[in-house]
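Visitor: This is the structure I have questions about; it appears just below.
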Amino acid sequence: MRRPPDTTSPIRPRLPSPVRDAADPWLADRGVVLRMKRDDLIHPLVPGNKWRKLTPNLRAAVERGHTRLVTFGGAYSNHIRAVAAAGAAYGLSTVGVIRGDELADAPRNWSLARAEAHGMELAFVTRSAYRETLRGLGEDDPGTLRALEERWGRAYVLPEGGTNVLAARGAAELVAELPGLGPDDVVCCAVGTGGTLAGIAAALPAGARAVGFAVLKGAEGYLDGEITRLHEQGWGRPFDTWRIEHGYHGGGYGRVPAELEAFAAEFEARHGVRLERRYVAKMLWGVYGLAERGELPPGSRVTAVITGPPDPEDAAGSTGSAGSAGSTGSTGSADLADSAGSTGGARPRA
């Protein structure tokens, strides 16, 4: 029998997460200092931005008397695994709606198996039904909410990737752990659904800037609009402290071209930090790309937010990535266009 929901946080995070310098001669030659905000070390099961985004929503669910969470993701979704683990810790039942009905009868990959091990019920739906449901939720369509309730009963619905106003406000708390930010500071993060970048940008002190690196292909305009919407809904105004780089997605979500893999491997060897490929490596790849293009002026201090850990070493076929350049496993929104996109240009040295 599932225990009653816990009204206090049963998750004990490591906060503040550590900040580590990443001394790099190549960047130093360009007058740029790099440090890493190690949010990947916050909690082993609910790490990084997942803890910051999920915790406010879990508390809200418990306070409103919910006993079940329903959320959405792809076959390798970090969000799905984190919701399963956090829901179990809070005493909440969880449902993961998974994109791709062809996966229903297939052997579980390591990621979905871990979600099920935490008690999550997995529901596999067609890609078209998945898109329609997310569209309905985004438009606050009562019919969509009613259909979810008819299938799973009263539940707290978390959007894909866990991004909403509460999540963005949770991500904003990261900035308080970075004292002394000023005009020379640039805080960088990967962007999947936009909640982390929205929160960071809203909390920055005067002069500091935030740069997000989109991991989706074809997301120009869409992601920018999502962040603007979160700012309007959560803070009542826009912010001019941020921008998104769209040239470092590596060809699409979950795709790791050889150039990116080589960059990540070299960075790991130089700095002794394993990198998650789908988000973190692309963000760091972009940071070096900006430095190479001269878009980080001498004197810049870059804080790279390490939003999550690499896939476990015992995951089938894992080298920290979802797979090869042709893989399409997703933890967030599907790519928004099928056209070929930039893979980030020439690889700067790590």
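The values are calculated or read from the model by the stated rules, or taken from the named source; none is laboratory data. Computed from a prediction, not measured in an experiment: that's the story for all the values here. Using ideal geometry, Cβ is built from the backbone for each residue, glycine included, and neighbour counts are taken over all protein chains shown. Note: accessible area is taken over every heavy atom of the protein model, side chains too, but ligands, DNA and RNA are not part of it. Shrake-Rupley method; radii C 1.70, N 1.55, O 1.52, S 1.80 Å.
Visitor: Over 5 Å intervals from 0, what percent of Cα-Cα pairs in region 24-112 sits in each interval?
Guide: In order of increasing distance, the bins hold 3, 12, 19, 18, 14, 10, 8, 6, 5, 4, 2, 0 percent.
Visitor: Given the convex hull over the Cα atoms of region 41-199, what projected area results after averaging over all orientations, in nm²?
Guide: Average of the hull's projected areas for region 41-199 equals 10.2 nm².
Visitor: Right, something else. For the chain, calculate the relative contact order in percent as a whole number, restricting contacts to Cα pairs under 8 Å that are 6 or more residues apart.
Guide: This gives 21 percent for the chain.
Visitor: Which is the longest stretch in the chain that no exposed loop site breaks, taking sites as GluC sites (Glu not before Pro) with a DSSP loop state and at most 11 other Cβ atoms within 10 Å?
Guide: In the chain, the maximal stretch lacking such sites is 140-312.
Visitor: Sticking with this one: Sum -39500 (n - 2.57) across every DSSP H segment of at least 4 residues in the chain, then divide by the residue count to get the 222 nm mean residue ellipticity, nearest 500.
Guide: -10500 deg cm²/dmol
Visitor: Okay, next question. Using a 7 Å offset from the Cα along the Cα-to-Cβ direction at both Arg20 and Ala176, what is the distance between the two label points in nm, to one decimal?
Guide: 2.6 nm
Visitor: Kindly give Rg over Rh for region 162-218, based on alpha-carbon atoms, with the Kirkwood expression for the hydrodynamic radius.
Guide: 0.98
Visitor: Hey, what's the chain come to in accessible area per residue, 1.4 Å probe, Å²?
Guide: It amounts to 40 Å² per residue over the chain.
Visitor: If you roll a 1.4 Å probe over the chain with all protein chains in place, what percent of the accessible area is carbon or sulfur?
Guide: Within the chain, the accessible surface is 50 percent carbon and sulfur.
Visitor: Straight-line reach from Lys217: which aspartates and glutamates fall under 15 Å, measuring Cα to Cα and dropping same-chain residues less than 8 apart?
Guide: In chain and number order, the partners are Glu245, Asp335, Asp338.
Visitor: How large is the direction-averaged shadow of the alpha-carbon convex hull of the chain, in nm²?
Guide: Seen from a random direction, the Cα hull of the chain projects 16.7 nm² on average.
Visitor: If you take the alpha carbon radius of gyration of region 194-265 and divide it by 2.2 N^0.38 Å, what ratio comes out, to two decimals?
Guide: So region 194-265 has a normalised radius of gyration of 1.25.
Visitor: Report the far tail of the P(r) of region 125-219, meaning the percent of Cα-Cα pairs longer than 16 Å.
Guide: So the portion of pairs separated by more than 16 Å is 64 percent.
Visitor: Starting from 0.36 nm per residue, how many nanometres of slack lie between Arg108 and Arg229 once their C-alpha separation is accounted for?
Guide: Difference between extended and current length: 40.0 nm.
Visitor: While we're on this one: With +1 on the Cβ of every Lys and Arg and -1 on the Cβ of every Asp and Glu, and nothing else charged, how large is the dipole of region 219-300 about its Cα centre, in debye rounded to the nearest 20?
Guide: Value, rounded to 20: 200 debye.
Visitor: Using a 1.4 angstrom probe on the protein heavy atoms only, line up Asp184, Asp40 by accessible area, largest first.
Guide: I get Asp184, Asp40, largest accessible area first.
Visitor: Residues of region 18-50 with amide nitrogen under 18 Å from the 7 Å Cα-to-Cβ point of Arg12?
Guide: 18, 41-48
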